[in-house]
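Participant: Okay, handing you the structure first.
The values are calculated or read from the model by the stated rules, or taken from the named source; none is laboratory data. The shown structure was predicted, so the numbers you read here are calculated from the model rather than taken from an experiment. Glycine gets a Cβ as well: all are built from the backbone with ideal geometry, and neighbour counts include every protein chain shown.
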2 protein chains.
Amino acid sequence: MTPPTITSFADLGRAVAALPGPDEVAGEAAAKREPQLTKPAGALGRLEELAAWLARWQGRHPPAVGVLKAHVFAANHGVAARGVSAYPASVTAEMVRNFEAGGAAINQLCRAFGVAFAADALKLDRPTQDFTKAPAMSEVECVDAIVFGMGVVTDGTDALALGEMGIGNTTAAAALAMGLYGGAAADWTGAGTGVVGERLKQKTAVVAEAVALHRTEIASPFEALRRLGGRELAAIAGAVLAARFRRVPVVLDGYAATAAAAVLEAAQPGALDHCQVGHLSAEPGHRRLLEHLGKTPLLDLGMRLGEATGAVLALQVLKGAAACHAGMATFQSAGVSGKDS
Amino acid sequence: MTPPTITSFADLGRAVAALPGPDEVAGEAAAKREPQLTKPAGALGRLEELAAWLARWQGRHPPAVGVLKAHVFAANHGVAARGVSAYPASVTAEMVRNFEAGGAAINQLCRAFGVAFAADALKLDRPTQDFTKAPAMSEVECVDAIVFGMGVVTDGTDALALGEMGIGNTTAAAALAMGLYGGAAADWTGAGTGVVGERLKQKTAVVAEAVALHRTEIASPFEALRRLGGRELAAIAGAVLAARFRRVPVVLDGYAATAAAAVLEAAQPGALDHCQVGHLSAEPGHRRLLEHLGKTPLLDLGMRLGEATGAVLALQVLKGAAACHAGMATFQSAGVSGKDS
């Protein structure tokens with residue numbers, strides 16, 4: 001289904017209120033096939049749930065995992081000027097060139113696993129405003145970034161890994177998460193690229209300062225995104241939204257990607273039912289965020305790089321789940337005796 | 001290095017006392033390259049450790065993951081006659097035929113991920129003795145199975161996933177683990193293929209009975225394997241041993257495979273340093289076993305099928321780790337600014 005046209009937050013509110021649900025016919029077909037496969041019931045654990053989830057959200061049975069994509073959005077943040085990252089803001093553009101040249105971690109993973117990769121930089125020469133002083137974006141800027149993200153999702157993608165790159169964006173993720181769910185800045189703020197000691201205290205203070213400035217003005221989750229987020233986070237939210245309409249199951253990467261997607265869930269509970277969280281980030285706020293979302297990550301490997309790296313690894317779990325569900329023999333076809341026979 | 005010839009438990013004792021160590025030159029090369037790669041230090045988490053581990057145990061830098069193999073050993077257990085499984089013992093042979101026909105879960109995973117697959121049945125028509133009445137195997141039988149397992153490991157394998165199939169073998173794994181580490185039978189006994197309620201109590205009693213019969217006779221870990229194990233478990237121990245000599249890093253599957261390998265670690269601490277545990281089995285004794293071994297599994301997906309399924313999924317994590325380590329650009333080559341620059 002083509003996603004609706006979005007030109008304002010009001011349009012977004014209408015879009016999330018009209019999200020398509022799962023395909024229960026495909027889900028029932030998966031539920032019917034699963035117990036016939038040559039293994040004890042439940043023995044593939046989460047892989048069994050994932051196969052059914054893929055069927056429901058792709059809207060077909062058996063689910064396919066032939067066309068896997070990863071999309072990374074990059075942007076710059078005004079708040080980077082506050083010294084919240086261990087790296088200079090120029091690294092965002094340098095890493096985008098590294099993505100294009102095939103030298104980043106995500107390039108290696110996509111190549112190793114046959115996942116199509118694309119990266120888009122969103123106005124790197126125009127960072128968002130420093131959100132300790134003003135809203136990061138105007139509504140128009142935020143909607144533009146959301147619409148850009150919506151535009152990258154194409155029909156026929158079997159699963160989509162979403163990630164980000166942006167110096168300063170774990171600060172934005174922390175502020176956004178705190179803006180959505182409350183709590184203390186220290187609950188949501190972590191080392192990011194490697195900020196520790198006094199600098200981590202300063203980063204935490206920046207998050208607290210930002211949320212204090214905007215708190216009374218956050219009338220909706222989209223308003224939180226505009227004030228405390230960033231362009232790459234808005235683009236991720238847009239891609240997640242469009243994927244729902246286009247029946248593309250999504251795997252979210254780490255803390256920043258999950259915080260971006262959380263905007264949709266805060267606006268409309270269930271809006272992330274077509275999403276898995278690829279891995280548990282080493283960034284400590286991620287666990288708290290996942291508790292709010294009720295999501296269990298697929299992997300826990302101590303990663304905190306972003307770039308969709310954890311999500312692309314997690315795509316392999318989906319691939320395995322779908323391969324088992326679609327390809328396994330049944331007890332009847334293989335002549336294997338059933339339970340207690 | 002060709003593994004030593006084994007004709008007795010005494011030979012095995014000498015072999016585990018003479019295990020080759022890691023290649024520290026390769027390990028140092030990995031440690032030197034890692035901080036140059038275009039990501040914050042530590043941001044790939046466990047993948048960074050895995051790349052260095054692969055280098056050390058393959059004995060080369062960069063490590064390769066082009067040749068991945070999975071090997072499953074199948075055997076029958078006399079104790080199956082005690083009703084410890086939800087399935088009849090005939091399922092072992094039926095599943096071996098399913099492996100050969102390509103219909104099992106492990107076949108789908110190996111096909112999806114380009115992992116070479118082989119399964120070997122060990123004298124299915126001659127189950128081990130019911131170990132609640134007698135030792136499961138004679139020393140000759142146990143050594144034969146170990147030597148068989150040793151024989152399947154070939155030079156040039158970049159990583160080897162090891163798994164098993166055998167109706168009754170979670171009972172053997174529980175008895176073996178209890179024989180090695182003590183504790184109560186209930187600590188080690190789980191649902192296996194799906195045994196619950198009264199039947200799980202009976203299975204637990206069978207494990208307790210077996211260990212009580214043999215406990216005073218268990219003079220060595222190999223003696224525990226012979227008395228309480230099974231042919232497929234002995235073969236796994238043999239394959240793990242041979243892999244160490246041939247510089248083949250190993251990924252162990254779930255509870256039964258880990259219990260088999262634990263025999264070597266109990267005989268010689270460090271004997272499993274070239275092994276990762278692929279996943280945390282839903283079988284509750286696995287977590288306890290891993291605590292004894294000091295191993296953290298790579299995945300936790302609620303799986304409990306065996307057949308090397310969890311190990312083959314985990315091979316993809318190794319593949320990703322090696323791909324990032326070998327293929328990523330350096331800060332210098334990509335022109336990316338370093339930390340605090």
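This table checks each residue for (1) β-branched (Val, Ile, Thr); (2) crowded, with 18+ Cβ neighbours inside 10 Å; (3) not in a loop (DSSP other than H, G, I, E, B).
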position	(1), (2), (3)
A:Val16	yes, yes, yes
A:Ala26	no, yes, yes
A:Pro35	no, no, yes
A:Lys39	no, yes, no
A:Arg60	no, no, no
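Participant: If I filter region B:175-183 for residues that are surrounded by fewer than 24 Cβ atoms within 10 Å (Cβ to Cβ), without any contact (Cβ under 8 Å) to a residue 24 or more places away in the chain and at negative phi, do I get at least one hit? Walk me through it before giving the result.
Facilitator: Quick first cut of region B:175-183, residues surrounded by fewer than 24 Cβ atoms within 10 Å (Cβ to Cβ) only: B:180-183.
Those left that are additionally without any contact (Cβ under 8 Å) to a residue 24 or more places away in the chain: B:182.
Adding the requirement that they be at negative phi leaves none.
No - not one qualifying residue is present in region B:175-183.
Participant: Six or more apart or on different chains, Cβ atoms under 8 Å: show the pairs whose first residue is in region B:328-341 and more than 7 Å from chain A (Cβ to nearest Cβ) and whose second is modelled with pLDDT of 95 or more and surrounded by fewer than 16 Cβ atoms within 10 Å (Cβ to Cβ).
Facilitator: Once the first residue is more than 7 Å from chain A (Cβ to nearest Cβ) and sits in region B:328-341, its partners that are modelled with pLDDT of 95 or more and surrounded by fewer than 16 Cβ atoms within 10 Å (Cβ to Cβ) give B:Thr330/B:Gln36; B:Phe331/B:Gln36; B:Gln332/B:Gln36.
Participant: Tell me whether region A:285-302 contains one or more residues that are within 14 Å of chain B (Cβ to nearest Cβ), outside any helix (DSSP H, G or I), among the acidic types (Asp, Glu) and crowded, with 24+ Cβ neighbours inside 10 Å.
Facilitator: If we filter region A:285-302 for residues that are within 14 Å of chain B (Cβ to nearest Cβ), which is where we start, we get A:286, A:296-302.
If we keep only those that are outside any helix (DSSP H, G or I) as well, we get A:296-302.
Now restrict to residues that are among the acidic types (Asp, Glu): A:300.
Subsequent filtering for residues that are crowded, with 24+ Cβ neighbours inside 10 Å retains none.
Taking every residue of region A:285-302 in turn, none turns out to be within 14 Å of chain B (Cβ to nearest Cβ), outside any helix (DSSP H, G or I), among the acidic types (Asp, Glu) and crowded, with 24+ Cβ neighbours inside 10 Å.
Participant: Also, quick follow-up: Identify the residue in region A:98-109 that is at the interface with another protein chain (Cβ under 7 Å from one of its Cβ atoms) and part of a helix (DSSP H, G or I) and, among all such residues, is farthest from the chain's Cα centre (by Cα).
Facilitator: In the first step, residues of region A:98-109 are kept if they are at the interface with another protein chain (Cβ under 7 Å from one of its Cβ atoms); the result is A:98, A:101, A:103-105, A:108-109.
Those still in the list that are part of a helix (DSSP H, G or I) too: A:98, A:101, A:105, A:108-109.
Details: A:Asn98: 22, A:Ala101: 24, A:Ala105: 18, A:Gln108: 20, A:Leu109: 17 Å.
Here the answer is A:Ala101.
Participant: Consider B:Asn76 against the criteria (1) crowded, with 23+ Cβ neighbours inside 10 Å; (2) within 13 Å of another protein chain (Cβ to nearest Cβ); (3) assigned to a loop (DSSP other than H, G, I, E, B): it satisfies all of them except one. Which criterion is unmet?
Facilitator: So the condition that B:Asn76 fails would be (2).
Participant: Given the options A:Val250, A:Val240, A:Val195, A:Val207, name the one that is more than 14 Å from chain B (Cβ to nearest Cβ), more than 30 Å from A:Gly66 (Cβ to Cβ) and of a type in the set (A, V, I, L, M). Steps first, answer last, please.
Facilitator: Working: A:Val250 fails: more than 30 Å from A:Gly66 (Cβ to Cβ); A:Val240 fails: more than 30 Å from A:Gly66 (Cβ to Cβ); A:Val195 fails: more than 14 Å from chain B (Cβ to nearest Cβ).
None of the other options fit; the residue is A:Val207.
Participant: Output the residue which, of all residues in region B:110-139 that are facing chain A (nearest Cβ under 10 Å) and not basic (Lys, Arg), is surrounded by the fewest Cβ atoms within 10 Å (Cβ to Cβ). Spell out how you get there, then give the answer.
Facilitator: As a first pass, look at region B:110-139 and keep what is facing chain A (nearest Cβ under 10 Å): B:110-114.
Filter again for not basic (Lys, Arg), leaving B:110, B:112-114.
On the way: B:Cys110: 25, B:Ala112: 21, B:Phe113: 19, B:Gly114: 12.
The extreme case among them is B:Gly114.
Participant: Follow-up. Among (1) assigned to a loop (DSSP other than H, G, I, E, B); (2) crowded, with 21+ Cβ neighbours inside 10 Å; (3) among the hydrophobic types (A, V, I, L, M, F, W, C), where does A:Ala70 come up short?
Facilitator: The failed condition is (1).
Participant: Which of the residues that make up region A:79-97 are within 11 Å of chain B (Cβ to nearest Cβ) and not aliphatic (A, V, I, L, M)?
Facilitator: Quick first cut of region A:79-97, residues within 11 Å of chain B (Cβ to nearest Cβ) only: A:83, A:85-97.
Selection gives A:Gly83, A:Ser85, A:Tyr87, A:Pro88, A:Ser90, A:Thr92, A:Glu94, A:Arg97.
Participant: Mind telling me which of the residues A:Ala86, A:Ala112, A:Ala134 ends up being assigned to a loop (DSSP other than H, G, I, E, B) and free of Cβ contacts under 8 Å to residues at least 24 places away in the same chain? Spell out the reasoning first.
Facilitator: On the way: A:Ala86 fails: free of Cβ contacts under 8 Å to residues at least 24 places away in the same chain; A:Ala112 fails: assigned to a loop (DSSP other than H, G, I, E, B).
After applying the criteria, what remains is A:Ala134.
Participant: Take the residues in region A:48-73 that are within 13 Å of chain B (Cβ to nearest Cβ) and within 20 Å of the chain's Cα centre (by Cα), then tell me which one is nearest to A:Ala329 (Cα to Cα).
Facilitator: A:Ala51
Participant: Six or more apart or on different chains, Cβ under 7 Å: which pairs go from a residue in region A:297-317 that's on the phi > 0 side of the Ramachandran plot to one that's part of a helix (DSSP H, G or I)? Could you list them?
Facilitator: Pairs found: A:Gly302/B:Arg46; A:Gly306/A:Ala256; A:Glu307/A:Ala105; A:Glu307/A:Ile106; A:Ala308/A:Ile106.
Participant: Mind listing just one residue for me: the one in region B:303-323 that is touching a helix residue (DSSP H, G or I) at 6+ places or on another chain (Cβ under 7 Å), assigned to a loop (DSSP other than H, G, I, E, B) and at the interface with another protein chain (Cβ under 7 Å from one of its Cβ atoms) and, of those, surrounded by the fewest Cβ atoms within 10 Å (Cβ to Cβ)?
Facilitator: Residue satisfying both the conditions and the ranking: B:Leu305.
Participant: Do we find that A:Asp187 is farther than 25 Å from A:His71 by Cα and either surrounded by fewer than 24 Cβ atoms within 10 Å (Cβ to Cβ) or within 17 Å of the chain's Cα centre (by Cα) (or both) in this structure?
Facilitator: Numbers: farther than 25 Å from A:His71 by Cα: yes; either surrounded by fewer than 24 Cβ atoms within 10 Å (Cβ to Cβ) or within 17 Å of the chain's Cα centre (by Cα) (or both): yes.
So A:Asp187 fits the description; yes.
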